[in-house]
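Okay, structure first, notes after.
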Amino acid sequence: MRLLVVDDAPCMLKAFRDILEASEYEVFEATNGEEALAVYSEVKPDIVLMDILMPKLDGVTATKKILERDPSAKIIVVSAMGKSGLEKECMEAGVKDFILKPFKIQELLASIKSLARG
């Protein structure tokens, strides 16, 4: 399964890569929303793990743009931003799950597996 991880923090990208590759997922990366759009179009990942606060294009906007292009896209928001209303805004934008950082590895993997099963 191909996963696109979108996060502007290099340490988070490395952590995601280590966790996901250990679980035998193929991992692609983007460091902002604009890059995520380009990589998504090129790679056509099965699932996207999207941060919210990023330079150039935030995660909510990037999510909306991906879903405009591909309404069947499966996006999980993984964000440290827990501000009131953000989870609701993300779900209304079309994300399938919302996980707060710091996250439990098993929680992340369970969400990915659940989404992959449909």
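Read-outs throughout are calculated quantities, based only on the coordinates presented, and are distinct from any laboratory measurement. Keep in mind that what you see is a predicted model, and the values were worked out from it rather than measured. Virtual Cβ from ideal backbone geometry, glycine too; neighbours counted across all protein chains shown.
Evaluate E = 1/(1 + (r/R0)^6) for Arg69 and Ser114, where r is the Cβ-Cβ distance and R0 equals 22 Å; express this FRET efficiency to the nearest 0.05. Given R0 = 22 Å and the Cβ-Cβ separation, E is 0.40. Across all directions, the average flat footprint of the convex hull enclosing the Cα atoms of the stretch 2-117 is 6.3 nm².
Quick one: net charge of Gly33's neighbours, Cβ under 12 Å, K/R +1, D/E -1? The answer is -3. If you run the Gaussian network model on the chain, springs between alpha carbon atoms under 10 Å, then out of Asp46, Asp97, Asp70 the most flexible one is Asp70. Sequence-ordered 3J(HN,Hα) estimates for the stretch 107-118 from the Karplus curve with 6.51, -1.76 and 1.60 and θ = phi - 60° stand at 5, 5, 5, 5, 5, 4, 4, 4, 5, 5, 6, x Hz, glycine and proline given as x.
Could you give the nm distance between label points at Glu92 and Glu21, where each point is 7 Å from its Cα heading toward the beta carbon? Spacing of the two 7 Å Cα→Cβ label points: 3.9 nm. Using the Karplus relation 6.51 cos²θ - 1.76 cosθ + 1.60 with θ = phi - 60°, the per-residue 3J(HN,Hα) values for the stretch 8-19 come to 8, 9, x, 5, 5, 4, 5, 4, 4, 4, 4, 5 Hz, with x marking Gly and Pro. Along the stretch 44-61 the Karplus relation, 6.51 cos²θ - 1.76 cosθ + 1.60 evaluated at θ = phi - 60°, assigns HN-Hα couplings of 6, x, 6, 9, 10, 9, 10, 7, 9, 7, 8, x, 6, 8, 6, x, 5, 5 Hz to successive residues, with x for each Gly and Pro.
Taking label points 7 Å from Cα along the Cα-to-Cβ direction, Phe103 and Ser41 give a separation of 2.6 nm. Where the centroid of each part is defined by its Cα atoms, how far is the stretch 91-118 from the stretch 1-31 in Å? That distance is 14 Å. Between Ile99 and Val77, Val78, Ser79, the built amide H atoms are under 5 Å apart, and every one of these is 5 or more places off in sequence or on another chain. Just checking the listed ones, Val43, Val60, Val95: in the Gaussian network model of the chain with Cα springs under 10 Å, the one fluctuating most is Val43.
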